[in-house]
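The values are calculated or read from the model by the stated rules, or taken from the named source; none is laboratory data. In this text, all values refer to a predicted model and were calculated from it rather than measured experimentally. Using ideal geometry, Cβ is built from the backbone for each residue, glycine included, and neighbour counts are taken over all protein chains shown. Ligands, DNA and RNA are excluded from the accessible area calculation, which covers all protein heavy atoms including side chains. Shrake-Rupley method; radii C 1.70, N 1.55, O 1.52, S 1.80 Å.
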Amino acid sequence: MKVLVLSTNTGGGHNAAGNAIIEALEEMGVRAELVDSLGVASKWGSKAVSDVYNGVAKHAPKLLGAGFGIADKMTVKKVRSASYALNLINVHRLEEFIFAKAPDAIVTTHVFCAQALTHLVKHAKIGAMTFGVTTDYNCGIYWEETKMDAYILPHPDLTAAYIAKGMDPQRLYPYGIPVTPKIADGRDIVAAKKKYGINPECKHVIVAGGSMGAGRLPVTVRELDETLPDDVIISAVCGSNKAAQEELAAMKKPRVNAMGYVSPLNDFLASADLVISKAGGLTSTEALAQRIPFIALHCLPPLETTNAKFFEARGMAYNAKNDYAACKAAVKILYDANVQAAFRHAQSLHIPTDASRKIARLIVRSVEQGKVVAE
C-alpha cells in the first residue's frame with residue numbers, strides 16, 4: 001500500500017500534521033511520502049505563497065485576519081471561490097505527478113491541496129481514496145467546496161459547524177489533530193530536561209512563535225525575565241526570525257536560551273513546565289497532548305485567536321490578552337499544583353494522544369475494503 005500526503009509550506013503545522021500521519025502509517029508497514037502540492041504545480045508559486053503568508057503573518061497579522069474574514073464572507077454556496085480557481089492553475093502537473101506515484105490513498109492537510117484534488121476527483125482523473133485533515137479548532141473556510149472521501153476534524157464540537165456549511169455528516173470523523181505517535185507513550189520531563197541540558201531541579205518555560213517566529217518574542221521574554229524567580233529557565237524558540245533571536249542573545253541573560261529552529265519541536269516541548277505561544281493548531285496540540293500547561297499569547301487572527309478561545313472555554317489553556325497578563329498567569333501556573341492538575345484534566349478530556357494512529361488505521365482499513373470504514 002502506498003499513501004501520498006499533500007501539504008503546503010504556509011506555516012510549519014501542515015507539514016507537521018502530515019509527517020505525524022506518515023509516522024503512524026510506517027508503524028503499520030505502509031509506505032508514505034510527504035509532498036508540497038503547490039511545489040508540484042509550480043515551485044515559484046509555492047515559494048510566493050509561502051513568502052507572502054509568512055511575511056503578512058509576521059509583520060501584519062491584522063491584515064491576515066481581515067483577509068480571512070473577507071474570504072469567508074465572499075464564500076457563496078454553489079459558486080467556486082477565487083481560491084478554488086487559483087488552485088487549478090497547472091493542476092495538470094499535479095495530475096501527472098499523482099499518476100506517476102500511483103498511490104492507493106491521498107491525504108491532504110491543507111484546503112488548497114483539497115481544492116485541486118476535488119477538481120481531479122470530479123473529472124475522474126484519480127482513483128485513489130482521498131482524506132482531508134483540518135488543523136485548527138474552528139470551521140475552516142473553503143472545505144465545503146471540496147469532495148474528499150473522509151474529513152478528519154480536530155474535535156467533536158466542530159462537527160455541527162461543518163455540517164452547517166453543507167458538508168456530509170457521514171464523511172466527518174472528529175479524531176483530533178495528528179501529532180507524532182510517540183506522544184501517546186507519555187513524556188518523561190526529567191529525561192527531556194537532561195537531554196537539552198536543563199537542570200531538572202529548575203522550572204522551564206518555553207516561549208514559541210511558530211516556524212516564522214511571530215509575535216513579540218523579545219518583549220515577552222524580557223517581561224518574563226523581570227517577573228519569574230531567578231531559578232526559572234526561559235527558552236525562546238524563534239524559528240526563522242533571526243532578528244528576534246539575535247536581539248534575545250544580545251540580552252546576555254544566562255537563564256535565557258535564544259534558539260532558532262528546533263526540530264522536532266515536540267521533543268523539546270517535553271522538557272517544559274509551561275509553554276507560552278501563539279495558538280497554532282499543531283504547536284498547541286503537541287503541548288496539550290503532552291499535558292503541558294499552555295498560555296496562548298499574540299495569536300494570529302482569525303484561526304489562532306479562535307483556537308485560543310476554544311482552549312480557554314474548555315479549561316485547557318489560559319488565553320492571555322497581553323504580556324503582563326501572561327507573566328502574571330505564568331507565576332500562578334508554575335507554582336500552583338491545583339491549577340496544573342486542572343489543566344491536565346481538561347486536556348485529557350479534549351485532546352487525544354493517538355489521533356495519528358487512529359487516522360492511519362482509518363486510511364488502511366478504507367483502502368483494504370474499498371470504502372471508508374470507521375472504528
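Can you tell me which residue among LYS328, LYS309, LYS321 is basic (Lys, Arg), under 19 Å from PRO229 (Cα atoms) and over 15 Å from the mean Cα position of the chain (by Cα)? If you could, list the steps in order and put the result at the bottom.
Numbers: LYS309 fails: under 19 Å from PRO229 (Cα atoms); LYS321 fails: under 19 Å from PRO229 (Cα atoms).
Going through LYS328, LYS309, LYS321 in turn, just one is basic (Lys, Arg), under 19 Å from PRO229 (Cα atoms) and over 15 Å from the mean Cα position of the chain (by Cα): LYS328.
Only one of (1) surrounded by 13 or more Cβ atoms within 10 Å (Cβ to Cβ); (2) within 17 Å of PHE131 (Cβ to Cβ) fails for ALA374. Which number is that?
(1)
What residue, among those in segment 323-361 that are assigned to a loop (DSSP other than H, G, I, E, B) and over 27 Å from VAL221 (Cβ atoms), is most open to solvent (accessible area, probe 1.4 Å)?
ASP354
For segment 168-185, give me each residue that is closer than 22 Å to ALA17 by Cα and either free of Cβ contacts under 8 Å to residues at least 12 places away in the same chain or of a type in the set (A, V, I, L, M) (or both).
LEU172, ILE177, VAL179, ILE183, ALA184, ASP185
Any chance you could count how many residues in segment 292-341 are under 22 Å from ALA192 (Cα atoms) and touching an Asp or Glu at 6+ places or on another chain (Cβ under 8 Å)?
Residues that pass the stated criteria total 3.
For (1) closer than 19 Å to TYR84 by Cα; (2) in contact with a Gly (Cβ under 8 Å, 6 or more places away or on another chain); (3) of a type outside the set (Lys, Arg), each residue gets a yes or a no:
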site: ALA128; (1), (2), (3): no, no, yes
site: THR134; (1), (2), (3): yes, yes, yes
site: CYS139; (1), (2), (3): yes, no, yes
site: TYR142; (1), (2), (3): yes, no, yes
site: ASP149; (1), (2), (3): yes, no, yes
site: ILE152; (1), (2), (3): no, yes, yes
site: ALA164; (1), (2), (3): no, no, yes
site: PRO169; (1), (2), (3): no, no, yes
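In segment 334-364, how many are within 21 Å of ILE206 (Cβ to Cβ) and under 24 Å from the mean Cα position of the chain (by Cα)?
Number of matching residues: 9.
Just for strands (runs of 3 or more DSSP E) wholly inside segment 194-290: which have at least 2 residues that are open to solvent by less than 20 Å² (accessible area, probe 1.4 Å)? Lay out the reasoning, then the answer.
Working: elements: 204-208, 233-237, 256-259, 274-277.
Of the strands (runs of 3 or more DSSP E) lying wholly inside segment 194-290, those with at least 2 residues that are open to solvent by less than 20 Å² (accessible area, probe 1.4 Å) span 204-208, 233-237, 274-277.
Residues that are at pLDDT 95 or above and within 26 Å of MET212 (Cα to Cα), at least 3 per element: which helices (runs of 4 or more DSSP H) completely within segment 36-147 meet that?
By residue number, 111-122.
Which one of the conditions (1) in contact (Cβ under 8 Å) with a residue 24 or more places away in the chain; (2) touching a strand residue (DSSP E or B) at 6+ places or on another chain (Cβ under 6 Å); (3) within 21 Å of VAL133 (Cα to Cα) does SER271 fail to meet, given that it meets all the rest?
(3)
CYS299 versus (1) hydrophobic (A, V, I, L, M, F, W, C); (2) assigned to a helix (DSSP H, G or I); (3) in contact with a Lys or Arg (Cβ under 7 Å, 6 or more places away or on another chain): which is the lone unmet condition?
Going through the list (1) hydrophobic (A, V, I, L, M, F, W, C); (2) assigned to a helix (DSSP H, G or I); (3) in contact with a Lys or Arg (Cβ under 7 Å, 6 or more places away or on another chain), CYS299 breaks only (2).
Taking the condition of being under 14 Å from LEU265 (Cβ atoms) and more than 15 Å from the chain's Cα centre (by Cα), how many residues in segment 171-182 meet it?
1
List the pairs whose first member sits in segment 195-216 and is on the phi > 0 side of the Ramachandran plot and at pLDDT below 95, whose second member is of a type in the set (S, T, N, Q) and open to solvent by less than 10 Å² (accessible area, probe 1.4 Å), and whose Cβ atoms are under 9 Å apart, counting only residues at least 6 apart or on separate chains?
Note: pairs meeting the criteria are GLY210/SER277; GLY215/SER277.
Considering segment 90-118 alone, what residues qualify as being in contact with a His (Cβ under 7 Å, 6 or more places away or on another chain), within 18 Å of LYS43 (Cα to Cα) and touching a residue at least 60 places away in the same chain (Cβ under 8 Å)?
HIS110
If the Cβ limit is 9 Å and pairs must be 6+ apart or interchain, which residue in segment 360-371 that is more than 16 Å from ALA17 (Cβ to Cβ) pairs with which residue that is assigned to a helix (DSSP H, G or I) and modelled with pLDDT of 95 or more?
Hits for this filter: ARG361/ALA24; VAL364/LEU25.
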